[in-house]
1. Order the peptides 32-38, 574-580, 72-78, 536-542 from the highest to the lowest mean number of other Cβ atoms within 10 Å of their residues.
2. Order 172-183, 332-343 from most to least packed using the mean count of other Cβ atoms within 10 Å.
3. Counting each DSSP H run of 4 or more residues in the chain as -39500 (n - 2.57), what helix-only mean residue ellipticity at 222 nm follows after dividing by all residues, to the nearest 500 deg cm²/dmol?
4. Could you tell me the accessible area of HIS543 in Å² (1.4 Å probe, neighbours in place), rounded to the nearest ten?
5. Would you mind pulling out the separation of the Cα centroids of the stretch 316-362 and the stretch 199-255, in Å?
6. Round to the nearest 10 and report in Å² the accessible area of TYR357, as given by a 1.4 Å probe over the protein chains' heavy atoms.
7. With only alpha-carbon atoms in the gyration tensor, what are the semi-axes of the equivalent ellipsoid for the chain, in Å, largest first?
8. Would you work out what percent of the accessible area of the chain, with all protein chains in place, is carbon or sulfur (probe 1.4 Å)?
Amino acid sequence: MSSEALSNLLHEERRFPPSDEFAAQANADASLYQEASEDRIAFWERQARELVSWDTEWDQALDWSNAPFAKWFVGGKLNIAYNCVDRHVESGHGDQVAIHWEGEPGDVRTLTYSDLHREVCRAANALVALGVHKGDRVAIYMPMIPETAIAMLACARLGAPHSVVFGGFSADALKGRIQDADARVVVTADGGYRRGSASSLKPAVDTALEECPDVRHVLVVRRTGQDVDWTEGRDVWWHDLVEKQSADHTPEPHDAEHPLYILYTSGTTAKPKGILHTTGGYLTQVAYTHRNVFDLKPDSDVYWCAADIGWVTGHSYIVYGPLANRATSVMYEGTPDTPHKGRWWEIIAKYGVTILYCAPTAIRTFMKWGDEFPGQHDLSSLRLLGTVGEPINPEAWVWYRRTIGGDRTPVVDTWWQTETGAIMISPLPGVTTAKPGSATKALPGIGADVVDDTGTPVPKGGGGYLVLTEPWPAMLRTIWGDDDRYRDTYWARFADQGYYFAGDGAKKDEDGDLWLLGRVDDVMNISGHRISTTEVESALVSHPKVAEAAVVGATDPTTGQGIVAFVILRAEAGDGGDGVIAELRNHVAKEIGPIARPRQIMVVPELPKTRSGKIMRRLLRDVAEKRDLGDVTTLADPTVMNLIGEGLAKGTPEE
């Protein structure tokens, strides 16, 4: 994938500069770029002093002497739970709402910062009663309920690193994560509500723990009232233990490099990678990015990050960043279409949400359902929109701004990873002229570039590998228990330059702005051209009949690989009509060039997605190559692959 070899084919001309009105009130202005470029380390020190409360200030901002193992704010001491809760109560904001929680069945809870403080202190005392000490790992396997955030903050208060496992994962996945982290206590619930019914969690914990003999206790929140098996002496009800604890707990300061959490991300091998994040640098960067990328005004904004707490987005932008910044947040338990397809818009109107942060896959789903659902609700409170999780197609970006944002809100397309801990590349909403589909520039204080195979930066207009060129405060410190794998996975590819390789392809446009092109594993080789799946998918989604598309390369005797596309049509397009396949193939050829014309297009009702909404192209490649399907256990709906396989078998190559 040299500078010439990742073809830069799709050109997007639309531009959206910030309004004068937005720019005038924005938290961030262009001077941040100048300040950070003049002295990056001093820039981060100022953020740490202004946004975070320290018990002891650091002696050294960055120790990079043992690269690639970073230490930030060396010698500093702080308590994250104090930063997220206590200090807001102490400053007179105890009555401010911290979390507006909405259950899927319609039940609601409102927690002020005083309420949150009381609950976090009680939960911390309860964990101490279960024998949890500083440094002990606690696994959390929960639905989207306030107790999930409370348990995380209680762990952080004690200095007990948490390992949150997404509630959609299997007992086997949970078992592997408990064993790898050597967790001794598990916090879970009987279940949660999803798609209109109670979905159980406790049985998966029981199964997992058959092979985790070192777990002493399971703390169980009663959410659904389902019957659960009970192991006396091990299992404890949250309401029996937590609610009788004292609401007083003195937070102890922890070292800036004390482990805060382990979060597992899938690796190329079977064993997931435990990404380790620590305390001081992480909190500094999540607070800084949350304040500046979302332009948060804590006295007036109502902020909603619609991710799951089980993913890094939930850790950084539901829990730690927003609470450190004294945000008022919305938290929703269920799915966007329960009990109807307007549920999100109903919630936005109900709470007067001003900032919405969600994934492109959700946006494309809403496009597929049609404009009528958001059109039934008053979304005028919204003033900023954000996207996270994967590159967003330009057409979905424009739909989001126009239909959800009333054609007036800035859209911040953010690039970052579990490993980076916080947003790295994003527009600043009062500064940056936005381009649909581009994450634009590295944030002030962050070093990013696009390089070729040799590690040489590509010229403007070129494509290659996205790298991070300087250590950053929220960076992962290692892979839990495996320093060698950390080095090999992220730092070996460009070891001579000392660059972190993110695994993503990107291009630089004529202005030097960055366009993410997805995982380098998803690049297709068509007649010697290296073409990104993201560009072909964006071309398909730019057609008015298409809501969502996934593209893979399948072996082709003539061209090396042929492009096989799977598309979901918009509701108003019906079945698309007889000529829709030819129409779409020609549309891609017109948008990108004949080289990218798909060999085969298949209209499908759904795409295979993980529970975090990422399209599993690996499985689509298996279908396109007529191979046996790989592991489908992480799919949100495993049956979708049968439908796709049957449909593809009927299709002809030029159909």
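The values are calculated or read from the model by the stated rules, or taken from the named source; none is laboratory data. If you're wondering where the values come from, they're calculated on a predicted model, not measured in any experiment. Every residue, glycine as well, gets a Cβ built from its backbone with ideal geometry; the counts of neighbours run over all protein chains shown. Heads up: the accessible areas ignore ligands, DNA and RNA and are worked out on the full protein's heavy atoms, side chains in. Shrake-Rupley method; radii C 1.70, N 1.55, O 1.52, S 1.80 Å.
1. Working: 32-38: 15.0, 574-580: 11.6, 72-78: 22.6, 536-542: 26.6.
Going by the mean number of other Cβ atoms within 10 Å, highest first, we get 536-542, 72-78, 32-38, 574-580.
2. Numbers: 172-183: 20.3, 332-343: 17.4.
So the order, starting with the most tightly packed, is 172-183, 332-343.
3. Numbers: 19 runs with 174 residues, N = 655.
So the calculated ellipticity at 222 nm is -7500 deg cm²/dmol.
4. Roll a 1.4 Å probe over it and HIS543 shows about 10 Å².
5. The stretch 316-362 and the stretch 199-255 have Cα centres separated by 27 Å.
6. For TYR357, the solvent-accessible surface is approximately 0 Å².
7. Details: eigenvalues 286, 165, 128 Å².
Ellipsoid half-lengths, sorted descending, are 38, 29, 25 Å.
8. Heavy-atom surface of the chain belonging to carbon and sulfur, 1.4 Å probe: 48 percent.
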